[in-house]
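Taking it in order: structure first as structure tokens, then the write-up.
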Amino acid sequence: MMKFIVEHLEPELYEWCLIEYGHISEIAGKENLIFTNIKNKKGGDKLKKYGTVYEKGISELNLNRICVLSQYASKTLAANDKNKFEYFVFGGILGDNPAKKRTDMIIKNLKNKKIKFNERNLGSRQMPTDNAVYAAKKVLEGGKLSDLKFADELEIQINENESVILPFRYVVDNNKSIISKKLVEHLRKREEF
């Protein structure tokens, strides 16, 4: 049984987080998704419709067979990893460009608590969390990372005169980038960038 864990690493549960986490729930399935490190009760209540919610971080939950996904890991995720690990852990963060390596906080916490885990990458480029879960799920279902198509940035048209470039790696499936329609709407409604 595979579970996807999103360790929330932002100071708040921002609107875009809720949108992205809802999209992850659609990708992974509510029954396969766990949110950890949700300190805000109100935010936790909002997330319950998308998966299981824990106030504690992953390092406090006494889990075994953990795989942390990090773009800096030396080994790439492979289909047979689904037999080695039960929990696949992703950092719930809005990526920064350049990356701030915040997933390292998860790794540091696990090491401090002497919890055994392994690390895998999904390539060396930073992906939004929903795309990382999508790519991992495809690989764990028997695919190969090398079979997936990617775009290394995404341009979202805001209006006829403006667009915004998202400088992250997106999975392209059936000639469409994997991005939540709600997130695109959210970006279009924002006042400033």
Expected sort for 126-136, 80-90 on mean C-beta neighbours within 10 Å, highest first, is 126-136, 80-90
XL table LYS41/LYS108; LYS111/LYS182; LYS116/LYS181; LYS42/LYS82; LYS42/LYS137; Cα-Cα > 31 Å flagged, in table order, is LYS111/LYS182; LYS116/LYS181; LYS42/LYS82
Computed over the chain: longest principal axis from alpha-carbon atoms vs helix 103-112 long axis, angle to nearest 10 degrees, is 10 degrees
Ranked output for segments 160-167, 183-190 by mean other Cβ atoms within 10 Å, highest leading, reads 183-190, 160-167
Interchain or sequence-distant (5+) residues whose placed amide H lies within less than 5 Å of the amide H of LEU166 are LEU154, GLU155, ILE156
Most packed first (mean Cβ within 10 Å per residue), the peptides 69-75, 147-153 order as 69-75, 147-153
Residue separation between LYS144 and ASN118 times 0.36 nm, minus their alpha-carbon distance, gives in nm 7.5 nm
Per its Cα gyration tensor (rounded if a/c is under 1.5, else prolate when a/b beats b/c, else oblate), the range 131-190 is best filed as prolate
For the range 107-147, shape from the Cα gyration tensor axes a ≥ b ≥ c, cut at a/c of 1.5 then a/b versus b/c, turns out prolate
Inter-part gap, Cα centre of the range 34-59 to Cα centre of the range 128-163, in whole angstrom, is 25 Å
Each label sits 7 Å from Cα toward the beta-carbon; between LYS111 and GLU86 the label points are separated, in nm, by 2.5 nm
Taking every DSSP bridge whose two residues both lie in the chain, the antiparallel percent to the nearest 5 is 30 percent
Contour minus Cα-Cα span, LYS75 to ASN159, at 0.36 nm per residue, comes to 26.1 nm
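Read-outs: derived from the displayed coordinates by stated rules, not from any lab. Note that the structure is a prediction, hence the values are computed from the model and not measured. Virtual Cβ from ideal backbone geometry, glycine too; neighbours counted across all protein chains shown.
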